[in-house]
Amino acid sequence: MIEPQINSWTDAIVQFFENEIKESELYKARAAYEKKLTALKTEKAPKNISKLEKHIESNKQALLKIRENNISDDIKGFVYNWVIKNKSPYKVPEPNKLITKVTHPLKFSHSADINAGINDSKIEALDYLSTGAIQNRDYDLTHHNGAIIQLVRLLGVSFKNEMIYDCVIENDFSFLNDFRLLKDEMKTWESQFKAWIADKSIKTVGRAKQIYFPHLHNQYVRQYHLLAILHSSTLSHEIYKRAYVQRFSDLNRDIMNQKKKDKYHQNVSISYPSLATVEYGNGQPQNVSLLNITANGLSYLLPCSPPKYKKITKPPMQVKTVFDDKAFSKTRVKDTLTYMADFLVRFSLVNKSVKASEKKKWLEKWCGQIVEEFFQYVYSMQEFKAGWSLSKECKLRQEYKLLLDPFHAEERALEQLNESAWQGDVINDFANWLNRALEKSNKKFTGTEWHKKVWRDCFAPELRDFKDEIKQLIKVEEVSK
């Protein structure tokens, strides 16, 4: 469906009735056309497709014909009922209940407030997000009665960044040119439009919930800080528009579908983590303001929590062994250590041997988890530039330089890896460290040589596999050189 070009006030008003006013002929014609288009997308039977295509073409021509009428009697009738007829609920209200243009409506603080607020028309180049930083902003219209929302929406129709509301304030009624009004009728329409418009000065009320904190400027003059400011519906609507389009557009749906399938998409996926939603109007958004009903009463809140910093991993330069809390910390395997220590103490208290094969399997399982976590740490150290352990600042013993930085530039690296002495030292250090860690986790546990043997037997095969893998990689590097 080709959308009509908006080249005049008449085009803007016609589009408004076509898209927004469900009772209008234009809206009904467009809805009938779009209904058939939707049905065509899912229809598979050739016979039915042919019928739908004929209906679509017929509905399209009917819609275009109504559009050609521009300001039809149908549209003119709606505007007459809203503005001129002066019957409930569209009866011109008291002066303090007129329609007001604002950026910060009071009704967002309390829905029972008067339809007033502040209109911040200044545009400033700011380094932070605020109403003043929005260039092409949407202004809000507040009103005293949700039943007149159709009139409020009509006054909010815009063309070239100017609303009908603004035209009425400026005594510019060119938007009525195509309504085919006689001279006397035109005067009546102009006066009735003016009767609905309020050009108010700033005003506040008790329900605005504005909190002022006094501070002494000098001994004669007291000043105040405003702690709770008015809600900016203009700023809130700008955030809502951007987030809604980016979250629910057809493009973003395609991107998210590809993401779920782990497939590539040429466009960027935009998401809003921890996005909160606030609803204004208690299910009746038309009672608050024009922008509120445009957003279905919803407003998005972006998270403003402090940033979460990730801990920067550094190679262990100031320790001699990797089994140190400044290197491989016990906190990485805290839960597993707790399970193991409690298990060992519990069975020793009931005078049961933990040397039984079934109990040993449990210990081997938990020890295996610790060993796996340990080698994850070892591999993470290899992500740093090879040779970091050769620095004068590094205090690691030679066996741990081989373990954590095996690709350093020393010529004897491969030869040293084949030596068994360093491997035995690392295995024994692991067994001693695990016993000490278990004793700290539960003071009732005392490690023995038998425990050390179990830990060594778990650790040695993993270290051997690690060594063989590194040797193979070093050989490949030497060949490639």
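Bear in mind these aren't lab numbers, they're just calculated from the coordinates by the rules spelled out. Being a predicted model, the structure only gives us computed values, none of them experimental. Note that we place each Cβ from the backbone using ideal geometry, even for glycine, and neighbour counts take in every protein chain shown.
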Positive end of the charge dipole of the chain (Lys, Arg +1 and Asp, Glu -1 on Cβ, about the Cα centre): tell me which of ILE255, LEU298, ASN442 has its Cα farthest that way. ASN442
PRE zone check, label point 7 Å out along Cα-to-Cβ of GLN416, amide N under 18 Å, scope segment 305-337, hits 315-323
Taking Cα atoms only, helix 25-42 is inclined relative to the longest principal axis of the chain by an angle, in degrees rounded to 10, of 30 degrees
So, in nm, how far is label ASP457 from label LYS395 when the simple model puts each one 7 Å beyond its Cα toward the Cβ? 3.6 nm
Which of the aspartates and glutamates could a cross-linker bridge to LYS395, judged by Cα under 20 Å and excluding same-chain residues fewer than eight apart? ASP324, ASP325, GLU383, ASP405, GLU410, ASP425, ASP429
What angle, in degrees between 0 and 90 and rounded to the nearest 10, separates the Cα long axis of helix 334-349 from the longest principal axis of the Cα atoms of the chain? 50 degrees
Which are the unpartnered cysteines of the chain, meaning those with no other cysteine Cβ under 4.7 Å from their Cβ? CYS167, CYS304, CYS394
What does the chain give for Rg and for Dmax, in Å, if only its C-alpha atoms count? 37.5, 110
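In nm, what is the difference between 0.36 nm times the number of residues separating ARG346 and ALA45 and their Cα-Cα distance? If you can, show how the numbers build up before the last one.
Values: separation 301, 0.36 × 301 = 108.36 nm, distance 7.19 nm.
Going from the current span to full extension adds 101.2 nm.
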With label points built 7 Å along Cα→Cβ from the Cα atoms of GLN382 and THR188, find their separation and express it in nm. 9.0 nm
Fewest to most Cβ atoms within 10 Å: THR331, THR10 sort as THR331, THR10
Ranked MET317, MET381, criterion: other C-beta atoms within 10 Å, fewest first: MET317, MET381
Given TRP189, ILE99, PRO316, which one lies farthest toward the positive end of the charge dipole of the chain, if we put +1 on the Cβ of every Lys and Arg and -1 on the Cβ of every Asp and Glu? PRO316
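Please go through segment 1-108 and write out the GluC sites (Glu not before Pro) that DSSP classes as loop and that have at most 10 other C-beta atoms within 10 Å.
Values: sites: GLU18, GLU20, GLU23, GLU25, GLU34, GLU43, GLU53, GLU57, GLU68; in loops: GLU23, GLU43.
Hits after loop and neighbour filter: GLU23.
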Helix 250-260 sits off the longest principal axis of the Cα atoms of the chain, rounded to the nearest 10 on a 0 to 90 degree scale, by 20 degrees
For segment 9-70, report the convex hull volume of the alpha-carbon atoms normalised per residue, in Å³, without decimals. 69 Å³
Sorted by Cβ neighbour density within 10 Å, fewest at the top, the residues HIS237, HIS225: HIS225, HIS237
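Considering only DSSP states other than H, G, I, E and B, which trypsin sites (Lys or Arg not before Pro) in segment 222-308 qualify as loop sites with at most 12 other Cβ atoms within 10 Å?
Details: sites: ARG222, LYS241, ARG242, ARG247, ARG253, LYS259, LYS260, LYS261, LYS263, LYS308; in loops: LYS261, LYS263, LYS308.
Sparse-neighbourhood loop trypsin sites (Lys or Arg not before Pro): LYS261, LYS263, LYS308.
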Can you figure out the FRET efficiency of GLN284 with GLU57, using R₀ = 41 Å and their beta-carbon distance, to the nearest 0.05? 0.50
Using 1/(1 + (r/R0)^6) with R0 = 45 angstrom and r between the beta carbons of LYS160 and LYS311, what's the FRET efficiency to the nearest 0.05? 0.25
Along the charge dipole of the chain, Cβ charges K/R +1 and D/E -1, which of ILE71, ASN59, ASN145 sits furthest on the positive end? ASN145
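Which net charge results for the neighbourhood of LYS334, defined as the other residues with beta-carbon distances under 13 angstrom from its beta-carbon, given Lys and Arg at +1 and Asp and Glu at -1?
Taking every other residue near LYS334 into account, the sum is -1.
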For segment 278-353, which chymotrypsin sites (Phe, Trp or Tyr not before Pro) pass both filters: DSSP loop (anything but H, G, I, E, B) and at most 13 other C-beta atoms within 10 Å? TYR309
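Within 9 Å, Cβ to Cβ, of SER24, how many net charges do the neighbouring residues add up to if Lys/Arg are +1 and Asp/Glu are -1?
On the way: positive: LYS22, LYS28; negative: GLU18, GLU20, GLU23, GLU25, ASP74.
Once positives and negatives cancel, what remains is -3.
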Just the Kirkwood number for segment 234-320, please: inverse of mean 1/r across all distinct Cα pairs, in Å, one decimal. 16.4 Å
Spin-label proximity, ARG247 to segment 269-309 - amide N less than 15 Å from point 7 Å beyond Cα toward beta carbon: 270-280, 295-304
May I ask you to order 441-447, 153-159 by the average number of other C-beta atoms within 10 Å around their residues, highest value first? 153-159, 441-447
